[in-house]
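Input: a single structure, listed below in structure tokens.
Any read-out appearing in this document is the output of simple, stated calculations on the displayed coordinates, not a laboratory observation. Remember, it's a predicted structure, so these values are computed and weren't measured experimentally. Heads up, the Cβs are rebuilt from the backbone with ideal geometry, glycines too, and the neighbour counts pull from every protein chain shown.
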Amino acid sequence: MANGPGFGGIAARTLSALVLVFATYNPERVSYFHWALAPLRTGEATGGPASLKFLAGLALLGGWGIFLNATRRSIGLGGALLVLALCGGLVWLLIDVGIVSATSARGISYVVLVCTALLLAVGMSWSHLSRRLSGQVDMDATD
């Protein structure tokens, strides 16, 4: 893959970001948050040993660390703000054309979660896309 990941690699990064985001939290209440964290607040018992919840939490934390670090390094704060602005415009458009209701917390939650995953996917893929578009290679400064 000398020329970068191609469409398949970008799709895999996007799918990975979607899995990470929706495994952490989703409005259907089938997520790490609802399985391991929310019961701590209410005191109710949920299935699974605490050690499994701990390991799953560490795996999610590691995934977030990888995605956020790659996003920070590849697009920076300015790029992240631009992607978030584009996602905000997408939310506005979806509300304007009636695909998502502004009063639907569930619908807005889904759009925000997808936008978060897209931000992470852009961050993971940006260096490859930029190299293909501009012909310039991004390099990290090392001391």
Subset of the range 26-38 (residues that are in a helix (DSSP H, G or I) and of a type outside the set (Ser, Thr, Tyr)): Phe33, His34, Trp35, Ala36, Leu37, Ala38
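Evaluate the range 40-56: report whether one residue or more is of a type outside the set (Lys, Arg) and under 18 Å from the mean Cα position of the chain (by Cα). If you could, list the steps in order and put the result at the bottom.
The first filter runs over the range 40-56 and keeps only residues of a type outside the set (Lys, Arg), leaving 40, 42-52, 54-56.
Checking which are under 18 Å from the mean Cα position of the chain (by Cα) leaves us with 56.
Yes, the conditions are met somewhere in the range 40-56.
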Residue in the range 57-67 that is surrounded by the most Cβ atoms within 10 Å (Cβ to Cβ), counting only those that are within 19 Å of Leu15 (Cβ to Cβ) and of a type in the set (A, V, I, L, M, F, W, C): Phe67
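Looking at the range 5-21, is at least one residue part of a loop (DSSP other than H, G, I, E, B), under 15 Å from the mean Cα position of the chain (by Cα) and surrounded by 14 or more Cβ atoms within 10 Å (Cβ to Cβ)?
No, the range 5-21 has no match at all.
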Subset of the range 68-101 [part of a loop (DSSP other than H, G, I, E, B) and surrounded by 13 or more Cβ atoms within 10 Å (Cβ to Cβ)]: Val100
Residue under evaluation Tyr32, criteria (1) within 16 Å of Ala121 (Cα to Cα); (2) surrounded by 11 or more Cβ atoms within 10 Å (Cβ to Cβ), criterion not met: (1)
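Consider the range 39-56. How many of its residues are assigned to a loop (DSSP other than H, G, I, E, B), surrounded by 10 or more Cβ atoms within 10 Å (Cβ to Cβ) and not small (Gly, Ala, Ser)? Steps first, please.
Just the residues of the range 39-56 that are assigned to a loop (DSSP other than H, G, I, E, B), to begin with: 43-49.
Filter again for surrounded by 10 or more Cβ atoms within 10 Å (Cβ to Cβ), leaving 46, 48.
Subset that is not small (Gly, Ala, Ser): 46.
Of the residues in that region, 1 qualify.
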